[in-house]
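The values are calculated or read from the model by the stated rules, or taken from the named source; none is laboratory data. Model, not experiment: these values are computed from the prediction. All Cβ positions, glycine included, derive from the backbone under ideal geometry; neighbour counts span all protein chains shown. All accessible areas refer to the heavy atoms of the entire protein, side chains included, with ligands and DNA or RNA removed. Shrake-Rupley method; radii C 1.70, N 1.55, O 1.52, S 1.80 Å.
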Amino acid sequence: MKPTDDPSHAFTQEARRSLTRLLPRLQTALATQIAADPQAWEQFTKRLAEHYPALFKLYYDLYSTRYDFFYHLEDLLLSLGRAWFARPEDLRHLDVAREAEPDWFQSNQMLGGVIYVDLFAGDLEGVRNKIPYFKELGLTYLHLMPLFKAPEGENDGGYAVSSYREVHPPLGTMDQLASLACDLRTAGISLVVDLVFNHTSNEHLWAEKAKAGDEDCREMYRIYPDRTLPDAYESTLREIFPDEHPGAFTPFVPHGKAQAGWVWTTFHHYQWDLNYANPAVFNRMAEEMLFLANQGVEVIRLDAVAFIWKQMGTSCENLPQAHALIRAFNAAARISAPALLFKSEAIVHPDDVVRYIHPAECQLSYNPLLMALLWNTLATRNVNLLVQALARRFKIHPETAWVNYVRVHDDIGWTFSDEDALALGVHGNDHRRFLNEFYRGRFPGSFARGLPFQENPKTGDCRISGTCASLAGLEKALSEEGPAEVSLAIRRILLIHGIILLAGGIPLLYLGDEIATLNDYSYTSDADKMRDSRWVHRPKADWSRYERRNLSETIEGQVYAGLQTLIRLRKRYSCFGGGELDVIQTENQHILGFVRTHAGGRAVIFANFSESEQPIPPRILEQSNCLMMQQVHGVGCHQGNKLTLAPLDLVAFVLAPAGS
């Protein structure tokens with residue numbers, strides 16, 4: 001086939017032709033900025049030429065049926081140009097550095113932490129004052145949970161955003177956020193924030209204008225005059241929060257008038273879904289994204305990405321256009337803020353999770369399957385589902401990375417595949433009911449103290465809330481048992497954290513877990529929180545407990561010291577970078593085994609999920625060649641070619657020189 005016969009080649013040629021026609025118009029519109037900074041214009045046009053064909057193809061696929069397609073395309077390019085000229089010089093230098101080392105986030109030095117600003121430190125100035133602690137812990141990545149302006153009272157923990165350009169006033173100002181980002185960057189810590197792409201609050205300026213009758217702003221959302229189209233859509237949609245409002249729509253009430261239609265609200269009634277079928281929505285959200293990047297944000301977590309495109313007759317989840325939208329945002333970032341990375345938040349079927357992970361889409365992704373199966377394995381003491389998932393589903397594109405975690409702000413959903421479970425003789429629905437009962441503390445022998453979230457009384461289905469320590473048995477051990485059970489709970493906490501630290505990808509700590517924070521039931525006395533059990537694991541940081549983190553006789557000290565040992569182990573050996581992982585079939589249902597290879601190094605890990613000693617067959621040790629390696633972690637007992645793992649122990653062997 002000749003190049004001219006290749007449709008993709010022809011499309012690229014047409015894309016470049018359109019850019020040739022548009023560039024003089026951009027040059028005229030940006031004449032003042034170009035005159036002031038001609039070098040920036042040269043840098044911008046170079047990146048634009050490189051990434052425009054991809055952006056044009058995606059934008060064309062999404063919006064070419066619009067009569068005003070080229071109007072919106074030109075508007076987008078102007079926004080990208082303005083954002084680049086507004087980008088601070090130090091961030092432009094960061095762009096160059098990241099382009100030169102695109103795999104920087106795969107380093108074994110990476111360690112993430114996540115906090116709520118108000119609960120952890122009071123406000124942004126308080127977070128700045130905690131930078132020495134973040135460095136002590138070893139963080140290189142700090143995720144601040146939603147901190148933008150939101151309605152007073154119920155606001156879904158900040159995920160109902162009223163302005164993407166204003167910090168929620170009690171927390172500080174946008175100038176303070178930019179200053180904090182700079183200070184964190186100086187300390188070697190990348191700032192991560194959420195960008196809620198799917199919806200705004202009903203108090204956002206666009207929503208307020210829509211309620212005032214502004215037609216352009218009405219088209220930013222999906223507002224319908226009657227139930228005809230909402231009923232048609234809902235015939236194929238699942239309900240997300242049925243206890244709050246049935247279906248996916250909420251009455252639309254203009255200012256000073258009675259109800260005049262229905263607005264799409266996938267989640268809460270105060271969260272209005274954006275209408276991405278309108279290119280103006282894409283353009284304005286691209287501006288918000290680049291504004292945050294110019295404040296020093298290096299990673300954005302894309303909230304609820306599975307829901308951002310709507311199409312009649314479908315579930316309106318994980319549609320191809322959702323992926324096209326994210327890739328178009330990614331292409332825009334490559335042009336105007338190349339240092340910016342995307343992190344996917346898609347708590348969906350494992351087959352769907354992986355589809356968001358690609359260098360051209362989301363370079364990073366939460367790993368909800370690993371999280372859920374770590375808790376599953378603690379409950380069952382059987383590694384079968386975990387081994388299967390690591391063997392089949394852990395490998396992703398080599399230029400991307402998992403973000404592995406034990407707990408975050410959200411609930412635990414049992415997101416394993418029913419098909420995967422059935423292959424092991426496990427019935428998915430029955431097993432989820434068992435796990436829910438176990439982690440609510442209602443199953444005989446359970447060590448956990450968790451709460452149900454979004455329980456469906458008809459089906460018994462729910463998800464689980466609770467802190468790591470309470471779910472791992474510490475709360476029950478302290479209140480009902482004794483020192484032996486406390487010790488087992490601490491071992492569980494360290495075991496599952498050890499796996500996320502050594503398995504490959506970016507480990508993410510939910511701060512508070514490093515000092516074994518327990519459930520906080522005071523949320524039940526707060527009218528704005530009492531209906532959401534997730535607040536049980538969102539307590540205010542108790543800094544008197546943090547002061548005990550270096551006292552070995554305290555629980556805080558034991559957990560903190562254990563985690564610090566694991567963190568130092570990760571950072572000492574380069575083989576714990578990257579994402580390569582090979583499972584070892586240990587022939588013991590209680591023991592997980594895997595091999596890590598990276599940067600010329602090799603490590604072998606064994607983890608015992610049982611509360612009793614467990615042997616590893618000599619043949620397995622010989623095949624993994626670990627007895628010729630240095631044991632760098634764990635108390636496993638060697639006797640010749642035999643190895644016995646202590647209860648809930650993690651043993652690591654390394655064949656590599658120390659160093660990063």
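Figures for the structure shown
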item	result
Straight-distance crosslink candidates among lysines, where the alpha carbon sits under 24 Å from LYS395 and sequence neighbours closer than 8 are dropped	LYS343, LYS571
Packing-based order for 522-529, 563-570, using average beta carbon neighbours within 10 Å, highest first	563-570, 522-529
Helix axis angle, 69-85 relative to the chain longest principal axis, alpha carbon, degrees	60
Segment ASN382-SER315, length gained on full extension (0.36 nm per residue, minus Cα span)	20.7 nm
Range of Cα positions in the chain per principal axis (Å), largest first	77, 57, 54
Nearby lysines by direct alpha-carbon distance to LYS476 (threshold 30 angstrom, same-chain neighbours under 8 apart not counted)	LYS458, LYS529, LYS540
Sorted peptide list for 296-306, 552-562, 153-163, criterion being average Cβ within 10 angstrom, highest first	296-306, 153-163, 552-562
Carbon plus sulfur fraction of accessible area for the chain, probe 1.4 Å, in percent	52
Relative contact order, percent, segment 387-450 [alpha-carbon distance under 8 Å, six or more residues apart]	15
Computed lengthening from ARG442 to GLU74, 0.36 nm per intervening residue step minus Cα-Cα distance	126.5 nm
Between helix 555-572 and the chain: long-axis angle, C-alpha atoms, 0 to 90°, nearest 10	70
Order of exposure, largest accessible area first, which applies to CYS182, CYS362 with probe 1.4 Å	CYS182, CYS362
Long-range HN-HN contacts of GLY636 with modeled amide H, under 5 Å	ALA646
Average Cα contact separation per residue, the chain, under 8 Å, 6 or more apart, as relative contact order %	11
Sites ASN625 and ARG531 - FRET efficiency at Förster radius 35 Å, r taken between beta-carbons, to 0.05	0.05
Cα-based Rg / Dmax (Å) for segment 424-520	14.6, 41
Packing rank of 446-458, 309-321, where each peptide gets the mean count of other beta carbons within 10 Å, highest leading	446-458, 309-321
Segment 527-627, relative contact order [Cα under 8 Å, separation at least 6], %	16
Cα-based equivalent ellipsoid of segment 559-647: semi-axis lengths in Å, sorted from largest, via gyration tensor	21, 17, 12
Förster radius 30 Å - calculated FRET efficiency between LEU23 and ARG92, Cβ distance, rounded to 0.05	0.90
Probe 1.4 Å, protein heavy atoms only - accessible area per residue of the chain in square angstrom	39
Anisotropy class of segment 205-361 from Cα gyration tensor, a/c 1.5 cut	oblate
Under 12 Å from LYS149, Cα to Cα: aspartates and glutamates that are on another chain or at least 8 residues apart	GLU166, GLU203
Rounded tilt (10° steps) of 279-293 against the dominant C-alpha axis of the chain	50
Mean ellipticity per residue at 222 nm, deg cm²/dmol - from DSSP H runs of n ≥ 4 across the chain, formula -39500 (n - 2.57)	-12500 deg cm²/dmol
